[in-house]
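This report concerns only the one structure given below.
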Amino acid sequence: MKKLNVGIIGMGFIGELHFAALSMLPNVKIKALCVSRREKIKEIQEYYGVEYVTDCWEEIVNDPSIDVIHNCTPNHLHDKINLAVIAAGKHIYAEKPLSSTGENAYQVWKTAEQAGIAHGVNYQYRMNAAVIEMKNRIRSGQGGMPLFVSGQYLQDSAARRTDYTKRRIPETSPARAVLDIGVHWADTASFVMGCPIKKVYAKMYTHYPVRMDPVTKKEIKIHSDDTTSVMVEFEDGTPGQALFSKCMLGHKNDFVVTVSGEEREYSWRQEQCDRLWVGNREIGNETVYLNKKFCDPLTASYISLPAGHAFGWRDALVNAMRDFYCSVSEETWKSGKHIYATFEDGWRGNCFVEACLESERENRWSSLKGETDDQSTGMGRK
C-alpha cells in the first residue's frame, strides 16, 4: 500500500486530534504542519517531529511532495483553503462546516469532483462501530419499517453569559448550535437511515442576546442560536425530531440518535458509544456491547479492540481516516465503496443549517436544496 505524505493546516484542538489519529495509520507520513503563531514554530516542530512547520498555509498547499492535506482551520478560512487545495490537485480531508454557505459548499464539492481528487469531511460520528451496526440492522430490516427518528446533541459549553470567545461564538454568525453540533446529528441520522433529510421545521433560541467577554468585560451582541429544536422529514417520508443546545448544564457531549421501528427501536448515545440499545416489546430490552464475533462483518472491520475493551470518540475519528486513506491508497474513492463522509455530505450539512435558518425566519417547513435546485438561493424543493 502506497505511503502518503500529509500536511495539516491548523494545529488547534481539532488539528491535534487529526495528528493523533493519523499517527495510528501505517500508510501515512505526517510531513508538514501549519500554525498561526510564528513564534511557536520551533517548539511545535521539536514536539511533533515532522519535517517542517510553517505559518504560511500556501507553502504546504504548493509543496509537490504532499499528497493529502487536512484543513483544520477556523470556519471562515474553509472556503479559501479548500479551493486552493483542490486547485493544487491534492486530496483533501476537511473539517466541517465544508463552507460558509450551501451555494459555496456545492461549488467546492463539484470542483473537487471535476478535479478527480478524493475528498472527505469530518463527520466522524457515523464511523463509530456501534453506529455502523445500527445502520446495518435498520437497513437489513431487523427493526421493521422505521416509524420515527429522534435524538439530541446537548452541551453546556455556552451555558453561562460569560462563556464567550470570538472563536466559540462569532458575533456575525447567524447559526451556532445547529452549525456546530446539529449538523453532526443530521449527518449521523441520515447515515443510519440511508437517505438524507428532505425538509425541516425549526425554532431557534438565543438565550443570551448579550454576552460578556470574560477578559475585557465588554458586552457583545449575539445573533446566533444557543438552542435549536427541529422537526425533520427524511427522503423516504420518515418523520423525526431533535434538540441541539450549547446551554444544557451537565451535558458535556450528549449526542443521541434513536430510530423507532415497527419491530425494534435502536438507540446510540455518544457518551456510552461502545454499545447499542435495542428496545423490544415481547422480550426484554437489550444492551449490545459490540463483539467482532456477533456483529455484521462490515461493523467488525471497524472494531480494532477485543471485546470488553471500550472504544470511543478517538476510535471513530481513526476509523474515518482509515477508511479515507485506504480509498486514496487503493484509488477506490471514485467507486463510492466507502462509508466516510464526502464533500457531498458536507454540502448537505450546509443545506441543513440554511433550511433551519429559513424555517425560523419564515415560520414554516423549509425544504433542503437538492442538486437540481438553484444553489444561489435559500429555497429548496417545493
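Label zone of Asn62 (point 7 Å out along Cα→Cβ, amide N under 16 Å): in region 71-113 this covers 81, 84-90.
Going by how many other Cβ atoms sit within 10 Å of their own, how do Ile303, Ile8 line up, fewest first?
Values: Ile303 21, Ile8 28.
Fewest-to-most ranking of Ile303, Ile8: Ile303, Ile8.
Summary of the geometry: region 127-164 and region 251-330, compared by the centres of their Cα atoms, lie 11 Å apart. The chymotrypsin sites (Phe, Trp or Tyr not before Pro) of region 220-281 include none that meets both conditions, a loop assignment by DSSP and at most 12 other Cβ atoms within 10 Å of the site Cβ.
Modelled label positions at His207 and Ile220, each set 7 Å beyond Cα in the direction of Cβ, lie 1.7 nm from each other.
Annotation for region 275-360: GluC sites (Glu not before Pro) lying in DSSP loop with at most 11 further Cβ atoms inside 10 Å of their Cβ are Glu282, Glu331. Counting other Cβ atoms within 10 Å as a rough exposure proxy, the listed residues Asp236, Asp345, Asp156 run Asp236, Asp156, Asp345 from fewest neighbours to most.
Taking the Cα centre of the chain as origin and assigning +1 to Lys and Arg Cβ atoms and -1 to Asp and Glu Cβ atoms, the resulting dipole is close to 440 debye. In terms of the mean number of neighbouring beta-carbon atoms within 10 Å, the peptides 82-93, 14-25 order highest first as 82-93, 14-25.
Among Arg211, Arg37, Arg269, what is the fewest-to-most ranking by other Cβ atoms within 10 Å?
Values: Arg211 23, Arg37 10, Arg269 17.
The order, fewest Cβ neighbours first, is Arg37, Arg269, Arg211.
The lysines within cross-link reach of Lys40, meaning a Cα-to-Cα straight distance under 18 Å and a gap of 8 or more places when in the same chain, are Lys31.
Considering only Val215, Cys195, Pro239, and ranking their Cα positions along the charge dipole of region 190-316 that arises from unit charges at the beta-carbon of Lys, Arg, Asp and Glu, the one farthest toward the positive end is Val215. Can you find, among Gly308, Leu22, Pro97, the residue sitting farthest towards the positive end of the charge dipole of the chain, where Lys and Arg contribute +1 and Asp and Glu -1 at Cβ? The one lying farthest along the dipole's positive direction is Gly308.
Could you name the aspartates and glutamates whose alpha carbon sits less than 12 Å from that of Lys199, not counting residues in the same chain fewer than 8 places away? In chain and number order, the partners are Glu233, Glu235, Asp236, Glu354, Glu358. Bridgeable aspartates and glutamates around Lys3 (alpha carbons under 12 Å apart, same-chain partners fewer than 8 residues away excluded): Asp67, Glu330. Run the numbers for Lys252 and Leu305: contour at 0.36 nm per residue of separation, minus the present Cα-Cα distance, in nm. Once the chain is fully extended between Lys252 and Leu305, it gains 16.6 nm. Over 31 Å between Cα atoms, which of Lys246/Lys337; Lys292/Lys369; Lys135/Lys369; Lys96/Lys221; Lys29/Lys293; Lys42/Lys217 qualify? Violating the 31 Å Cα-Cα cut-off are Lys246/Lys337; Lys292/Lys369; Lys29/Lys293; Lys42/Lys217. Can you tally the net charge around Ala88? Count Lys and Arg as +1, Asp and Glu as -1, for every other residue whose Cβ sits under 10 Å from the Cβ of Ala88. After counting each charged neighbour, the total is -1.
Values in this text are rule-based calculations from the coordinates and carry no lab data. All values reported here derive from a predicted model rather than from experimental measurement. Counting neighbours? That spans all protein chains shown, and the Cβs are built from the backbone with ideal geometry, glycine included.
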